[in-house]
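Report on the following structure.
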Amino acid sequence: MPRTWPLTFALVGILTGISGCGSRYAGSSLSSSETLNWAIPFEFTSLDPAQATDGRSFDVLRQVYEGLVGFDRMGNATPGLASKWEVSSDKTQYLFHLSPGIKFSNGRPFEAADVVATFDRACRPTTRSPLAGDYLGDIAGVKEVVSGKSRHIVGIEAVDAHTVRVKLQGPRPSFLSKLAFPVCAILPRDTGEIISPAQMIGTGPFVPAMRSGTEMLLRRNDAYWRGRPSLAALHIRFVADPGTRINLFRSGAIDLTSVTPPDVPGIQKDAGLKASLVTTSRADVAYLQFNPTNFPVLGDKRVRQALALCIDRDRLAKVILGGLPKPAASLIPPGVPGHTDIALPRPDFVHARQLLADAGFPDGRGFPPISIVYQDAQRENAGAEAIVTAWRRELHIEANTQPMPASALIAANQAHRLPCFYTAWVGDYPDPDDFPSMLLRSTSASNGSSYRNNSVDAKLDAANLAVDTKTRTRFYGEAEAIALVDDPLVPLLYLSDAELVSSRLQALQFTAFGHGSFYQVSKK
């Protein structure tokens, strides 16, 4: 999920954070036995589900907002705000029946008109959603709204107060799964700009009460339609420094926090912490993205291939990052249909130097200085540093890393201004469409490399139209195979979450797609 601008992920150093150990809620009336204290590495990028682009923001936003469908532990679509749905025989129309008796946190009834208005709002240019066009684009008329030619999506209508009809451009097997993504979360029909907690009106189990530069408080929604949540509150603290988060957990000040890969081996040897360490394989892939827009030499495939051939993925995973991530040879992660175990590319420095010479830069002479950009305020930049070190040593070029704040990084990537970007794609749903289609299609907003290959687009189109799984995965695999030869981006690692989890927490879910809702979580 979509997910950073490409969806960013804490384990590879692409999430921002604002450190802060003190809390204005210390000693407050909130019961510690009913409050989950959660430290995350960054102050999330947006309070608006239509605008957020990073995985940690999604974990928080899912406590406030909900969509028509959700996910089970295996990533399968399950009823959400829609209790059931019917699909036409040609797979192009969906009739959603809304769950009765649901209210927004401000007390207003949830109705079909809210669904129509939410999707219209997400797609309008004034909302500035970077992902709505990709995730709602299967619906007829979305492209016209995204482009500003229309204000309303013709393919969605409120049949009555509790029924919504959606018409697609054609059969789209991944459509239901996309509706579980936060950009599709339903808001009240009169929602405008969302810039403060008071404007975050959803149907979820928690209601925002306060946000500052170092923390956010969510209180229990006592009228939640699924039942009263066990926790009275979620106290979220933005703590950038990994060591500070570990110490806060050790002291008992927090119940849940992420751990960076370099810290995992030490925690596994720590008698006081090792029992609290939980690792979960994620449907996420870290990669190095090339973009020639402002760096013309990267337009030469030989240059991209030379840079890629200097990367030792196995050493990156096992030595530099402590063995938690796994080396990646393709974009589609294990556990997602369409993943194939292909041979891991090995570094070939001799061939890399020859390719660079063939491109006009013998022994690196004349090659312009290049930097790998990554999210600042993180310690996981060791991967990027290892890559530029190999480039300097083997290709004799000037190469460095460049940290950048989250907001500037997202804006620069959206504008295709980053020649070389170390990032990750956080899986949103268990479908191969979520990876090559989002990252390689020429028209995708998530294609930060500006890559354009008509053959790849044609294969992706064929995959999206195919109904049977075997045919779809074959087309996705063929599209990716073509792109991997071109090297617009280089798959590096399949990621895992590492977290410190208090033994007092009960019913917390650990899945390949994040924690999901905390409404059933309790604290003993």
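The values are calculated or read from the model by the stated rules, or taken from the named source; none is laboratory data. Here the structure is a predicted model, which is why all the values come from computation and not from measurement. Cβ sites come from the backbone with ideal geometry, for glycine too, and all protein chains shown count toward neighbours.
Take the residues of the stretch 268-297 that are touching a helix residue (DSSP H, G or I) at 6+ places or on another chain (Cβ under 6 Å) and touching a residue at least 24 places away in the same chain (Cβ under 8 Å): which is nearest to G364 (Cα to Cα)? So the residue we want is V297.
Here I153 meets each of (1) farther than 22 Å from F435 by Cβ; (2) among the β-branched types (V, I, T); (3) touching a Lys or Arg at 6+ places or on another chain (Cβ under 8 Å) with one exception, condition (3).
Could you say whether any residue in the stretch 72-88 is at pLDDT 95 or above, assigned by TED's automatic domain parsing to the domain that holds V159, among the acidic types (D, E) and over 22 Å from A223 (Cβ atoms)? Yes, the conditions are met somewhere in the stretch 72-88. Of all residues in the stretch 127-180, those that are surrounded by fewer than 19 Cβ atoms within 10 Å (Cβ to Cβ), small (G, A, S) and touching a residue at least 40 places away in the same chain (Cβ under 8 Å) total 3. Does I387 count as crowded, with 22+ Cβ neighbours inside 10 Å, in a strand (DSSP E or B) and in the same structural domain as L492 (by TED's automatic domain parsing)? When the stated conditions are applied, I387 does not pass them. Applying the selection to the stretch 345-354, what residues are surrounded by 15 or more Cβ atoms within 10 Å (Cβ to Cβ) and assigned to a loop (DSSP other than H, G, I, E, B)? Result: P345, P347, D348.
If only one of A122, A132 is under 20 Å from Q51 (Cβ atoms) and either touching a Leu at 6+ places or on another chain (Cβ under 7 Å) or not assigned by TED's automatic domain parsing to the domain that holds S83 (or both), which one is it? First the steps, then the outcome.
Working: A132 fails: either touching a Leu at 6+ places or on another chain (Cβ under 7 Å) or not assigned by TED's automatic domain parsing to the domain that holds S83 (or both).
Sole residue among the options that is under 20 Å from Q51 (Cβ atoms) and either touching a Leu at 6+ places or on another chain (Cβ under 7 Å) or not assigned by TED's automatic domain parsing to the domain that holds S83 (or both): A122.
Under the condition of being assigned to a helix (DSSP H, G or I) and of a type outside the set (A, V, I, L, M, F, W, C), the residues counted in the stretch 110-132 number 7. Residue pairs whose Cβ atoms lie under 6 Å apart, sitting 6 or more positions apart in sequence or on different chains, and linking a residue in the stretch 200-228 that is touching a residue at least 40 places away in the same chain (Cβ under 8 Å) to a partner that is part of a strand (DSSP E or B) and among the charged types (D, E, K, R), are V207/R219; E215/R237. Look at the stretch 328-341: where a residue is assigned by TED's automatic domain parsing to the domain that holds D468 and a partner is surrounded by fewer than 22 Cβ atoms within 10 Å (Cβ to Cβ) and hydroxyl-bearing (S, T, Y), sitting 6+ places away or on another chain with Cβ atoms under 6 Å, you get P337/T473; G338/T473. Among the residues of the stretch 150-178, those that are assigned to a loop (DSSP other than H, G, I, E, B), modelled with pLDDT under 95 and either more than 23 Å from D461 (Cβ to Cβ) or under 22 Å from the mean Cα position of the chain (by Cα) (or both) comprise R172, P173, S174.
Before we move on, is V87 in contact (Cβ under 8 Å) with a residue 12 or more places away in the chain and surrounded by fewer than 23 Cβ atoms within 10 Å (Cβ to Cβ)? When the stated conditions are applied, V87 does not pass them.
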